[in-house]
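No value in this document is a laboratory result; all are computed from the given coordinates. Please read these numbers as outputs of a predicted model, since none were measured by experiment. Cβ sites come from the backbone with ideal geometry, for glycine too, and all protein chains shown count toward neighbours.
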Amino acid sequence: MSNCSYNGVPIPYLFTEEFAHQPEPDPTGVDSMWTKTSLKVRGVIAPGLVPALVGESPYQTAARIAGLLSVPRRRLVYVQGTTTVIDTGVAGDAENGPWPEVFSVDPCPTEGGFVVHFGVTLKRLLCTGAAARGFVSLKWSDLESHDLRGAKTRRRSGMLILSRLFRPNADDRRNLVSRAEIYMRMAARGLPSVKHGKRRLIPKKALVEMLAKGLRQAV
């Protein structure tokens, strides 16, 4: 037997209509960030059954819990038998959820009650490696270009995706992003050179020393 409650509202005589899981890829489509879980259930509300209050009619109960079951980011508990499968109060949601999607009421075959349909989605970090890394996705690319003076420019761009479960802070995540490499353009004037045809080439050793000096000055 299963049990489900959301935002403190239990759903009695529970029947699970759907319990599905789908990996959600990062923007590059290479890695899975988290698992999107969809839960759809139905239950019965009637006088004398929780969540109905004393003296409350099924109409009043349905109207009251409609608002409670429509608020996002509330605690979701789903139990199958004796196993707690989902408890966002403990594990949380990876992307600022859960998000309710369905709440509807149908007439009950038994007079004096209603059948309630409720659906909710949440994002869960089922991969233990994400918590150890501190992020769910980190991708970047480098682009290098050289001008006629021999100066090199390197541009690095990418995207770092964190889960809200890690309570992200930009300053705490600087070590996850590689340091920008500093390149300074310097004139080759005064450096030893060798004539080659109509051009004068700078020996590799002198060029390395020039770049090293420029980096020290930049830092």
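What to note about this one:
- Whether region 2-130 is rounded, prolate or oblate, judged on the alpha carbon gyration tensor where a/c under 1.5 counts as rounded: prolate
- The stretch between residue 84 and residue 63, if pulled fully straight at 0.36 nm per residue, gains 4.7 nm over its current Cα-Cα span.
- Contact order relative to length of region 26-141, as percent, for alpha carbon pairs under 8 angstrom and 6 or more apart: 34
- Residues in region 146-152 carry Karplus couplings, in order, of 10, 9, 5, 8, x, 7, 10 Hz; the curve used is 6.51 cos²θ - 1.76 cosθ + 1.60 with θ = phi - 60°, and Gly or Pro positions show x.
- Computed FRET value (nearest 0.05) for residue 164 with residue 56, which takes r as the C-beta separation and R₀ as 35 Å: 0.45
- For region 43-54, Karplus couplings with θ = phi - 60° (6.51, -1.76, 1.60), whole Hz, Gly/Pro x: x, 10, 10, 7, x, x, 9, 4, x, 5, 8, 4
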